[in-house]
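Only one structure is covered here, and it is reproduced in the block below.
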Amino acid sequence: MPDRYPGYDVLSKRNTASWNDASRQVIDARLAIVDSPEFFDERKWRTLRAICDRIVPQPAGRAVVPIAAMVDRKLADDHRDGYRDARLPPQREAWRRGLAALEAAAQARAGVAFHRLMTVAQDALLRDMQCGRLDGPEWDDMPADLFFRERVAHDILAAYYSHPVSWNEIGFGGPASPRGYVRMYFNRRDPWEAAEAKAGHEAAARDANENM
Amino acid sequence: MRTNDGLIAATLGALAVVAGAAAITRKSAFGSAVGRRHQPTVIAARRLNRASGLIAASTLLDSGIEHYRGAFHNRAMIAPLVVSALTLAVSAHGTRDARPVAHRLRDSVYAGAALTGLIGTGFHLYNIGKRPGRFSWKNYSWQNLFYASPILAPSAVALAGLLGYYSERLRESRSTGAPRVFGLPAGRALAALTAAGLVATAGEAGLLHFRGAYHDPFMYVPVTVPPIAAALLAETAASRPRKPRRLARWWLRLTTLIGFVGAGFHIFGVHREMGGWRNWRQNVLNGPPIPAPSSFSGLALAGLAALGLIEEHPHA
Amino acid sequence: MTVESNQLHDALHVPRGKDGRAPDPLRVGGWMPMREYREDEAVDFVIVGTGAGGGTLACKLAEAGFSVIGMDAGAWWRPLEEFASDETHQDKLFWTDERICDGDNPLKLGSNNSGKSVGGSTVHFAMVSLRFRPEWFKCRTLLGYGADWPLDWREMWRYYGEVEQALKIAGPVTYPWGPKRPRYPYRAHEINAAGWVLAQACEAMGIAWTETPLATISAPRGRAHPCVYRGFCVTGCATNAKQSALVTWIPRAVTAGAEIRDLAMVGRIEVNDAGLATGVHYQREGQWRFQRARNVVVAGYAIETPRLLLNSATDRYPDGLANSSGLVGRNLMAQTNQGVYGVFDDEIRWYKGPPSLTLTEHWNYTDTGKDFFGGYAFMAQGPLPQAWVSTQAGNRGLWGEALLREMQQYNHQAGFKIVGETLPQERNRVTLADEKDQYGLPVARVTYSLCDNDKALVKHSIDFMSRGLDAIGARDIWAEEDDTCHLNGTARMGDDPATSVVNADCRSWDIRNLWICDGSVFPTVGGVNPSLTIQAIACRTGDRIRQLAALGEL
């Protein structure tokens, strides 16, 4: 995937007027999350990490975002969303059951643990889950497609896109208080926003981003 | 523009402008050297240089801020900065020049400024018309009048140029009787021009203060005091005064003052935006425009010059 | 998350409206004096909920001289110092207690539409402040669907004006639709690129558009700063530009002598043998307590209001309070919120500024060319990354490389979403589930299914908006077909005790000192965001209560 905002690092604004103390505290804490489980046992942790790697395949040569640990903390705190499809159990139970069921499917299909599968096979299993083609006693009436949409995709992607690394990737401005934005019109960028690499002018974008 | 470069450039520019403005408004330039020995036309011309310089200082800062906000997306957006800076410089020169002759460089800079202002107005009109894409008369909406290129702003540059150009003509006027410029009585014509400038500038302040919903009662000052000054000037231009126009004089002095006080209000306005001066990079752009009110001071000074001419020569 | 600093969560654990003082949200670390009432002394009004309905009514009643206590289950925040620019962290503003959703179209609640803090959902709403189309107040008679309101639009027009002034709504100089309205107190904000995309599309489709009237100030107001266009509006405004109940009605109410109790979850309304409400049982600081009151107002929004009424059932009222019609909890109306999106060559950067700076109400005010009842507005959008990925993944099923590639278009994306009218249906309802929440109260079960008319409206809107995007050269246009937003209904007002729960004054038919004042009372929802109408109704209710008291009819 091309680097669309070369050299852009939202953290370089940490000590500017774009960040208030509250934002600094929140992001610092998020960056301090340790990549190990508090909620899941070792086995489910390995499955979860393998799933996270497929839902968000992170580019090599970049600090890895501990997505699985972020999902794990949401469950450790049992921090809920405020609604639950009646066909799903509460989130902790949904995750436990779903991960066990996916493991069972991997064992049944290939005789190995999910995290040992080739990525192609992992993707195939996840796609089957997404389409509701996985079932069995392990699921206990929990629809696999619903689990995929409401828990797997929802929780993993919410975790990734709460991390500054993902903001760099998509050119999002990140925290913005007290300073917001001035230039509102098409193709106008405030000096504290990510510069996009235009074909043939990548160096200019990098220069702008690194000297923000 | 990189942060530091921009910051340094802005600081140097501001310092230059303040120094220039200080130079033209300095009393000593007029003090003892200005006396009965000098022709009234030259005195008026130098006062006009001062007025022109003050307006140029205001437009230099204002267009600098506003065009920076517009990210100088069109190279021509640098033009008003260059022209205003030159106008400021030649005006400073003019205030010290007591010779009763026009100066070729000053003359051409002033003419250039007047022309730039007119072209700029055209640019701004066109720019608004094609937002957000196709040109349409519907685009002259409140939204675009508030937030797109300000229609009246370039005319401040034109005004600075025009007043300066007028000052050169005034120096040239050789008539022993009432001085005339472009075949018109010099004082009256200048009073009329200044009155028009005051009304237009008050119109712009009115528009932008309407955008700010007149949230502070002091925001009514620039839409009341300068128009009254304009009316007094117009009345002076239309009549043949026999005694000193004391009310007009004091009202113009008041208008001069509110220009500077207004800038002070705007500085406070930037402070009371979110993040205050710590967030200056946003608030100087999104808060009230600090240099804008001093245009009133410049125009009021021009009005005082006109008043001086008229009082000196009842037929001027 | 666990490790996220706790002091930013203090307000969730320690009540602030106590000991004779209340937080002053407009000053860092500020406090203001607050009157306190004893629990054994019956106050004139105890109001459950302090959002658009309850917060507004608390202010009106306190200013009319009544003794008032407002209770809110949520925290009393100080936005300037406690709101981070962060979607995850700001979850603290939402009702994230469990609710169970079923039906053909199970709703998404929480961050989508449910607030839990002093100020309620107005702390995180998108500030869109629209008036109803006048005909909607008589839509059964005039337009042939839904139910008539017991209110007259001309009277409501006056109350809309009162609310717009109170919130210093920033809106267009002239509004293109409906009868004449007074000028908005503040001018419209500068339109961002995402807003201009809507303007272009409307021009291309030959319909009118305008700047959205927003409850965020475009110029200073008192100690509140004007908007800085930071774009985090729906996660709470750290600038205090947003004119939420938290920074408008609540401080006014406290100044006028109301007491607001934060972190006070009301679980039950007590009714005596005479069939009158005597007060509320509420939990605060881990204890169940009882506050006596001469009148009880329920203002918990379309889910918590029926939940509380149902949970207050007694032998005398076995189906819950105010429920002789059987309509408490029924006729829940979630407005549809479908969207279309496309990619542009231009940089849009839709994270800047309030998300919906422009809108069109064309299909609210046009009755021809429709194969459905009701109307919809559609508005420019500006989702933050988490909201956007949830839209992408939830609707298109994207994940992996395909998703990451799509997300990289973020700054070139623009689109519109509707606020669509849905019809009242008795099958759409709030009931009590067996599961219990952290207070030991049964959680709400929310059952929701769209009807054919709702689906026809959605189809019409998606088709129209897609053509609009296509007409201005957007690429990769796609539709988000599954989303809903605001919640209304569940305790409708009307003229007939058999077919409504409250009368025009928001007074329940069954229990004369029990009132309901929030979006629950809407008989229909219209195609506009409900907050302005809720506040206008609250203002009217406040005035009516004062009049009734003067007549001795309370």
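The values are calculated or read from the model by the stated rules, or taken from the named source; none is laboratory data. These figures come from a predicted structure and were not determined experimentally. All Cβ positions, glycine included, derive from the backbone under ideal geometry; neighbour counts span all protein chains shown.
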B:Phe30, sole failed condition from (1) at pLDDT below 60; (2) buried (at least 21 other Cβ atoms within 10 Å of the Cβ); (3) aromatic (Phe, Trp, Tyr): (2)
Residue satisfying condition, being small (Gly, Ala, Ser), assigned to a helix (DSSP H, G or I) and within 7 Å of another protein chain (Cβ to nearest Cβ), within set A:Ala159, A:Ala153: A:Ala153
Options C:Tyr376, C:Tyr317, C:Tyr341, C:Tyr365: the member that is surrounded by fewer than 22 Cβ atoms within 10 Å (Cβ to Cβ), touching a residue at least 60 places away in the same chain (Cβ under 8 Å) and in contact with a Gly (Cβ under 7 Å, 6 or more places away or on another chain): C:Tyr365
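Kindly indicate whether A:Pro191 is within 17 Å of C:Arg230 (Cβ to Cβ) and not aliphatic (A, V, I, L, M). Walk me through how you get there before you give the answer.
On the way: within 17 Å of C:Arg230 (Cβ to Cβ): yes; not aliphatic (A, V, I, L, M): yes.
Here the answer is yes, as A:Pro191 does meet what is asked.
Give A:Gly136, A:Gly171, A:Gly111 a once-over and let me know the one that is under 24 Å from A:Pro57 (Cβ atoms) and either within 11 Å of another protein chain (Cβ to nearest Cβ) or out of contact with any strand residue (DSSP E or B) (no Cβ under 7 Å at 6 or more places or on another chain) (or both). Break it down stepwise before answering.
Details: A:Gly136 fails: under 24 Å from A:Pro57 (Cβ atoms); A:Gly111 fails: under 24 Å from A:Pro57 (Cβ atoms).
A:Gly171 is the lone residue from the list that is under 24 Å from A:Pro57 (Cβ atoms) and either within 11 Å of another protein chain (Cβ to nearest Cβ) or out of contact with any strand residue (DSSP E or B) (no Cβ under 7 Å at 6 or more places or on another chain) (or both).
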Number of the condition not met by A:Cys52 [criteria: (1) in contact (Cβ under 8 Å) with a residue 24 or more places away in the chain; (2) at the interface with another protein chain (Cβ under 7 Å from one of its Cβ atoms); (3) hydrophobic (A, V, I, L, M, F, W, C)]: (2)
Single match in A:Ala158, A:Ala199 (criterion: at pLDDT 95 or above, of a type outside the set (D, E, K, R) and surrounded by fewer than 24 Cβ atoms within 10 Å (Cβ to Cβ)): A:Ala158
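Considering C:Val298, C:Val280, which residue is touching a Cys at 6+ places or on another chain (Cβ under 8 Å) and either touching a residue at least 24 places away in the same chain (Cβ under 8 Å) or closer than 19 Å to C:Gly54 by Cα (or both)?
Details: C:Val280 fails: touching a Cys at 6+ places or on another chain (Cβ under 8 Å).
When all the criteria are applied, what remains is C:Val298.
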Matching entry among B:Ala263, B:Ala213, B:Ala316, B:Ala205 (being at positive phi, touching a Pro at 6+ places or on another chain (Cβ under 7 Å) and either surrounded by fewer than 19 Cβ atoms within 10 Å (Cβ to Cβ) or of a type in the set (A, V, I, L, M, F, W, C) (or both)): B:Ala213
Residue identified as within 14 Å of chain A (Cβ to nearest Cβ), over 24 Å from C:Trp136 (Cα atoms) and among the aliphatic types (A, V, I, L, M) among C:Leu332, C:Leu384: C:Leu384
Candidates B:Ala98, B:Ala158 - the one that is modelled with pLDDT of 95 or more and over 30 Å from C:Ala201 (Cβ atoms): B:Ala158
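So, in the range C:443-458, how many residues would count as being under 19 Å from C:Gly526 (Cβ atoms) and surrounded by fewer than 17 Cβ atoms within 10 Å (Cβ to Cβ)? Give the derivation first.
Pass one, the range C:443-458, residues under 19 Å from C:Gly526 (Cβ atoms): C:448, C:450-451, C:453-458.
From what's left, surrounded by fewer than 17 Cβ atoms within 10 Å (Cβ to Cβ): C:451, C:455-456.
Qualifying residue count, the range C:443-458: 3.
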Subset of the range A:12-57 (residues that are over 18 Å from the mean Cα position of the chain (by Cα) and outside any loop (DSSP other than H, G, I, E, B)): A:Ser12, A:Lys13, A:Asp21, A:Ala22, A:Ser23, A:Arg24, A:Gln25, A:Glu42, A:Arg43
Count - residues of the range C:392-402 that are of a type outside the set (D, E, K, R) and surrounded by fewer than 21 Cβ atoms within 10 Å (Cβ to Cβ): 6
Boolean, B:Thr224 is within 30 Å of C:Pro226 (Cα to Cα), in contact (Cβ under 8 Å) with a residue 24 or more places away in the chain, out of contact with any Pro (no Cβ under 9 Å at 6 or more places or on another chain) and of a type in the set (S, T, N, Q): no
Residues (more than 7 Å from chain A (Cβ to nearest Cβ) and closer than 21 Å to C:Lys352 by Cβ) located in the range C:396-419: C:Glu406, C:Gln409, C:His412, C:Gln413, C:Ala414, C:Gly415, C:Phe416, C:Lys417
Those residues of the range A:109-135 which are assigned to a helix (DSSP H, G or I) and free of Cβ contacts under 8 Å to residues at least 12 places away in the same chain, in sequence order: A:Ala110, A:Arg116, A:Val120, A:Ala124, A:Arg127
Matching residues in the range C:87-127 - criterion: being among the charged types (D, E, K, R), within 11 Å of another protein chain (Cβ to nearest Cβ) and in contact with a Ser or Thr (Cβ under 6 Å, 6 or more places away or on another chain): C:Glu87, C:Asp102
Entirely in the range C:142-260, the helices (runs of 4 or more DSSP H) that have 1 or more residues that are modelled with pLDDT of 95 or more, within 13 Å of another protein chain (Cβ to nearest Cβ) and touching a strand residue (DSSP E or B) at 6+ places or on another chain (Cβ under 9 Å): C:153-166, C:193-205
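Determine if the range C:129-136 includes at least one residue that is part of a helix (DSSP H, G or I) and either touching a Gly at 6+ places or on another chain (Cβ under 8 Å) or in contact (Cβ under 8 Å) with a residue 60 or more places away in the chain (or both).
Going residue by residue through the range C:129-136, those that are part of a helix (DSSP H, G or I) are C:134-136.
Filter once more, so that each one left must be either touching a Gly at 6+ places or on another chain (Cβ under 8 Å) or in contact (Cβ under 8 Å) with a residue 60 or more places away in the chain (or both): C:134, C:136.
Yes - at least one qualifying residue is present in the range C:129-136.
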Residue match in the range C:496-519 (condition: in a helix (DSSP H, G or I) and either buried (at least 21 other Cβ atoms within 10 Å of the Cβ) or touching a residue at least 60 places away in the same chain (Cβ under 8 Å) (or both)): yes
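Filter the helices (runs of 4 or more DSSP H) completely within the range B:61-149 down to those with at least 2 residues that are charged (D, E, K, R) and on the phi < 0 side of the Ramachandran plot.
Output list reads B:104-129.
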